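Trainee: One structure coming up, written as structure tokens, with questions to follow.
Readers should treat all values here as calculations from the given coordinates under stated rules, not as data from a laboratory. Remember, predicted model here, so these are calculated numbers, not experimental data. FYI the Cβ positions are ideal-geometry reconstructions off the backbone, even for glycines, and counts take in every protein chain you see.
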Amino acid sequence: KSEFAWQRTAYHFQPEKNWMNDPDGPLFHMGWYHLFYQYNPDSAVWGNITWGHTISRDLIHWLYLPLAMVPDHWYDINGVWTGSATTLPNGTIVMLYTGDTNDAVQVQNLAYPANLSDPLLLDWVKYSDNPVITPPTGIETDEFRDPTTAWAGPNGTWHILIGSRLNTTIGIALVYETTDFKTYNLLDHPLHTVNGTGMWECVDFYPISTNSTNGLDTSVTGPGIKHVLKASLDNLKLDYYAIGTYNAENVTWTPDDQEMDVGIGLQVDYGRYYASKTFYDQNKGRRILWGWINETDTEYDDLAKGWASVQTIPRVVTYDNKTRTNILQWPVEEIESLRLNCTEFEDVALEPGSLVPLDIGMATQLDISAEFEIQSDSLEAMLGETPTELECSVANNRTSLGPFGLAVLADESLSELTPIYFRIVKTANGSLMTLFCTDESRSSKATEVFRRLYGTVVPVLHGEKFTMRILVDHSIVESFAQGGRRVITSRVYPTEAIYGNAKLFLFNNATDLNVTATLKIWEMNSAFIHPFPFNEM
Ligand code: DQQ
């Protein structure tokens with residue numbers, strides 16, 4: 001086994017070897033969840049992009065299938081790039097994807113399953129008249145990609161979005177209309193543009209119910225429904241979204257808050273995360289979000305370990321009807337089937353400056369649910385404080401009300417650790433706000449890896465405790481604050497805090513705050529993720 005073997009995840013989806021990036025065309029068909037993904041079958045770095053294909057009964061255990069699509073026509077010979085599936089009311093599946101042509105022009109292509117009655121959807125047929133859409137005037141031919149799932153408009157029409165860039169800096173979502181998925185009209189107005197956000201990749205657009213937690217099919221509109229628009233910002237390599245109102249008649253979308261528009265407001269995930277995509281799961285009536293966790297080590301290391309990238313645990317997306325300003329993301333309930341023994345800690349007292357090891361055995365595969373309560377009179381300590389910037393600082397920067405939280409993937413001597421924490425700060429107008437952060441600065445002794453400090457303000461409403469859920473899987477840490485209002489995903493590379501040396505600690509680095517913590521910690525089983533056993537059929 002290579003020195004990198006411990007980095008392989010145990011319950012996140014990743015290919016057996018080589019490079020993976022964006023999730024593509026997720027769908028549910030005849031009892032199986034299908035995930036396609038950008039995949040280089042030849043190497044652990046990006047290139048020669050095909051569609052990898054995997055299926056699952058439960059979104060947790062996966063079976064690898066043969067490649068679904070490879071570059072084999074002039075219109076996709078430089079790569080079968082990202083795309084989305086649409087399931088039509090009659091059950092037909094339509095796949096639209098970007099092809100990079102022999103001239104490096106980005107065009108949109110149509111593909112469909114050769115045999116819809118095959119639950120595995122093994123064979124994909126590319127439409128004989130591809131490409132179905134070429135770059136319109138005014139759009140760079142190499143900045144026109146990633147068609148969305150289609151949604152139904154009036155009179156049998158369907159709409160899709162394609163991301164691009166206008167002039168030098170305007171991010172744009174172009175709308176195309178079609179009735180047969182073979183011929184398309186570009187609408188005279190885009191769905192949305194935002195100045196200064198640059199090229200929009202992997203646009204996603206979907207309805208969300210404001211009065212229930214049920215997911216909605218992509219075509220649903222009407223009262224009690226808002227629409228989420230998401231773009232992956234090529235310049236920043238970050239996914240941003242905004243909640244707004246869709247007018248189906250005029251095909252327009254207006255963000256609820258202009259100041260929090262796509263690309264300048266909320267991120268889907270504040271960590272290492274990109275090119276996300278949702279789909280409507282008609283099996284369980286929920287909207288599920290996939291996202292790509294890229295590496296932060298060198299290509300040299302990726303080649304040495306023979307693989308690169310992981311997908312997040314699929315997350316259910318709902319509307320936060322308490323804040324009414326953000327979505328909630330939560331790992332699909334099926335992940336709980338991997339929970340093994342549970343250790344509970346109740347009302348652990350964390351005085352200022354305390355560090356408490358949690359004796360749970362090996363801490364490399366965990367599902368942690370933690371609640372922190374603070375003594376409210378300690379908030380008075382803030383009255384004399386000088387206002388601070390609303391920015392995360394490292395975990396060992398002690399201020400009066402924080403940080404407090406958990407250190408995961410830590411070795412006994414704390415020579416390596418990844419702290420995930422809350423910090424309460426006083427803002428310029430005197431109010432208190434909470435930051436949610438992940439500090440990778442001491443996560444690894446390896447010299448050639450990026451170690452970032454991730455963080456965001458998280459709404460903590462009156463009467464709420466400070467809560468976090470953390471999924472730890474060897475080298476991946478997905479952290480959800482306040483029921484999924486904010487999420488931070490980390491890819492870390494410990495060298496000491498691995499296997500049996502990985503431990504878990506509670507800490508309170510505040511100087512003036514008493515905190516009590518209550519936790520449930522499950523050891524997580526490994527999921528089976530292996531090739532489909534064709535020969536046993
Ligand atoms: N990845 C694909 C593109 C997309 C980008 C190519 C986002 O279609 O824009 O692998 O990561």
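Trainee: What do the square roots of 5 times the Cα gyration tensor eigenvalues come to for segment 276-404, in whole Å, largest first, as semi-axes of the equivalent ellipsoid? Please report the intermediate quantities before stating the final value.
Mentor: Working: eigenvalues 214, 105, 83 Å².
Equivalent-ellipsoid dimensions as semi-axes: 33, 23, 20 Å.
Trainee: Sticking with this one: 5 Å is the cut-off here: which amide hydrogens, built 1.01 Å from N in the peptide plane, fall below it relative to Ile529, excluding neighbours closer than 5 in sequence?
Mentor: HN-HN under 5 Å from Ile529: Trp62.
Trainee: Using a 7 Å offset from the Cα along the Cα-to-Cβ direction at both Thr495 and Val45, what is the distance between the two label points in nm, to one decimal?
Mentor: 2.3 nm
Trainee: Here's something else I'd like to know. Normalised by the number of residues in the chain, what is the relative contact order in percent for Cα pairs under 8 Å and 6+ residues apart? Show your work: numbers first, answer last.
Mentor: Values: 1504 pairs, mean separation 77.1, N = 537.
Reported relative contact order: 14 percent.
Trainee: I need the phi-derived Karplus couplings for segment 102-109: 6.51 cos²θ - 1.76 cosθ + 1.60, θ = phi - 60°, integer Hz, Gly and Pro marked x.
Mentor: 4, 9, 6, 9, 8, 10, 9, 10
Trainee: Towards the positive end of the charge dipole of the chain, with charges on Cβ (+1 Lys, Arg; -1 Asp, Glu), say which of Asn397, Cys342, Ile264 has the farthest Cα.
Mentor: The listed residue farthest towards the positive side: Cys342.
Trainee: Give, in nm to one decimal, the length gained when the segment between Thr298 and Thr169 is fully stretched (0.36 nm per residue of separation minus the Cα-Cα distance).
Mentor: The Thr298-Thr169 span can extend by a further 43.5 nm.
Trainee: Let's see if you can work this out: charge +1 on each Lys and Arg Cβ, -1 on each Asp and Glu Cβ, no other charges. What is the dipole magnitude of segment 460-537 about its Cα centre, in debye to the nearest 20? Show your work: numbers first, answer last.
Mentor: Working: 7 positive and 7 negative charges, 52 e Å.
Magnitude of the dipole: close to 260 debye.
Trainee: Taking the simple approach of a point 7 Å from Cα along Cα-to-Cβ for both His530 and Lys322, what is their distance in nm?
Mentor: 4.2 nm
Trainee: Starting with the highest mean, order 151-161, 100-110 by the number of other Cβ atoms within 10 Å, averaged over the residues of each peptide.
Mentor: Working: 151-161: 17.1, 100-110: 19.5.
For the peptides 151-161, 100-110, the packing ranking is 100-110, 151-161.
Trainee: Rank these for me by crowding, Ile172, Ile93, Ile420, going from fewest to most other beta carbons within 10 Å. Please report the intermediate quantities before stating the final value.
Mentor: On the way: Ile172 23, Ile93 18, Ile420 26.
The fewest-first ordering by Cβ neighbours comes to Ile93, Ile172, Ile420.
Trainee: Oh, and also: Non-local amide H neighbours of Val203 (under 5 Å, H modeled in plane, Pro and chain starts lacking H): which ones?
Mentor: Gly163, Ser232
Trainee: So what's the gap between the Cα centers of segment 230-304 and segment 444-480, to the nearest angstrom?
Mentor: Cα centroid to Cα centroid, the span is 18 Å.
Trainee: What residues qualify as long-range amide H neighbours of Arg272, i.e. H under 5 Å apart, gap of 5 or more or another chain, H built at 1.01 Å from N?
Mentor: Those qualifying (amide H under 5 Å, at least 5 residues apart or on another chain) are Thr489, Ser490, Arg491.
Trainee: A follow-up question, please. Report the calculated FRET efficiency for Lys465 and Asn235 (r = Cβ-Cβ distance, R0 = 60 Å), to the nearest 0.05.
Mentor: Numbers: r = 37 Å, r/R0 = 0.62.
According to the calculation, E is roughly 0.95.
Trainee: Please name whichever of Ile49, Thr318, Met433 sits farthest to the positive end of the charge dipole of the chain, dipole taken about the Cα centre and charges placed at Cβ: Lys and Arg +1, Asp and Glu -1.
Mentor: Value computed over the given set: Thr318.
Trainee: Add -39500 (n - 2.57) for each DSSP H run of 4 or more in the chain, then divide by its residues: what number comes out at 222 nm, to the nearest 500 deg cm²/dmol?
Mentor: Values: 1 runs with 7 residues, N = 537.
Result for the chain: -500 deg cm²/dmol, rounded to the nearest 500.
Trainee: Moving on to the next point. For segment 106-179, give the magnitude of the charge dipole about the Cα centre (Cβ charges: +1 Lys/Arg, -1 Asp/Glu; no others), in debye to the nearest 20.
Mentor: 120 debye
Trainee: Cα extents of the chain along the three principal axes, largest first, in whole Å?
Mentor: Extents along the principal axes, in whole Å: 68, 54, 40.
Trainee: Can you compute 3J(HN,Hα) from phi for each residue in segment 44-54, using the Karplus curve 6.51 cos²θ - 1.76 cosθ + 1.60 with θ = phi - 60°, rounded to whole Hz and x for Gly and Pro?
Mentor: Here the 3J(HN,Hα) series is 8, 10, 4, x, 6, 6, 10, 9, x, 9, 9 Hz.
Trainee: Structure shown: which of Lys17/Lys445; Lys230/Lys520; Lys277/Lys322; Lys277/Lys426; Lys17/Lys277 lie over 29 Å apart, alpha-carbon to alpha-carbon? Please list the in-between numbers first.
Mentor: Details: Lys17/Lys445 25 Å; Lys230/Lys520 33 Å; Lys277/Lys322 25 Å; Lys277/Lys426 36 Å; Lys17/Lys277 23 Å.
Over 29 Å apart, Cα to Cα: Lys230/Lys520; Lys277/Lys426.
Trainee: Any idea which of Phe36, Gly91, Leu63 is furthest toward the positive side of the dipole for segment 7-120, if Lys and Arg beta-carbons carry +1 and Asp and Glu beta-carbons -1?
Mentor: Selected residue: Leu63.
Trainee: Right, here's the next one. On alpha carbon coordinates alone, what is the Rg over Rh value for segment 180-234, Rh being the Kirkwood radius?
Mentor: Working: Rg = 14.1 Å, Rh = 13.6 Å.
Result for segment 180-234 is an Rg/Rh of 1.03.
Trainee: If R0 is 25 Å, what FRET efficiency do you get for Met30 and Glu177 from their C-beta distance, rounded to 0.05?
Mentor: 0.25
Trainee: Mind checking the dipole of the chain: about its Cα centre, +1 per Lys or Arg Cβ, -1 per Asp or Glu Cβ, Debye to the nearest 20? Don't skip to the end; give the middle numbers.
Mentor: Details: 35 positive and 67 negative charges, 98 e Å.
With Lys and Arg at +1 and Asp and Glu at -1, about 460 debye.
Trainee: Do me a favour and compute the ellipsoid semi-axes for segment 70-116 from its Cα gyration tensor, root of five times each eigenvalue, largest one first, whole Å. Please report the intermediate quantities before stating the final value.
Mentor: Numbers: eigenvalues 109, 21, 8 Å².
Semi-axes, largest first: 23, 10, 6 Å.
Trainee: Which values of log₁₀ I(q)/I(0), to two decimal places, follow from the Debye formula for segment 455-519 at q = 0.23, 0.26 Å⁻¹ with a uniform point scatterer at every Cα?
Mentor: -1.19, -1.27
Trainee: Right, something else. Could you give the Stokes-Einstein D for segment 15-333 in µm² per second, using the C-alpha Kirkwood radius, 20 °C, 1.002 mPa s? Numbers along the way, then the final one.
Mentor: Working: Rh = 19.5 Å.
D, rounded to a whole number, is 110 µm²/s.
Trainee: Normalise the Debye intensity by I(0) for segment 72-182, one equal point scatterer per Cα, no solvent, then take log10 at q = 0.15, 0.23 Å⁻¹ and round to two decimals.
Mentor: Debye intensities relative to I(0), on a log10 scale: -0.65, -1.31.
Trainee: Oh, and also: Taking the radius of gyration and the Kirkwood hydrodynamic radius from Cα positions alone, what is the Rg/Rh ratio for segment 340-524, to two decimal places?
Mentor: Values: Rg = 15.5 Å, Rh = 16.3 Å.
So for segment 340-524, dividing Rg by the Kirkwood Rh gives 0.95.
Trainee: Say each of Thr447 and Asp142 gets a label point 7 Å from the Cα, pointing the same way as Cα to Cβ; how far apart are those two points in nm?
Mentor: Spacing of the two 7 Å Cα→Cβ label points: 3.4 nm.
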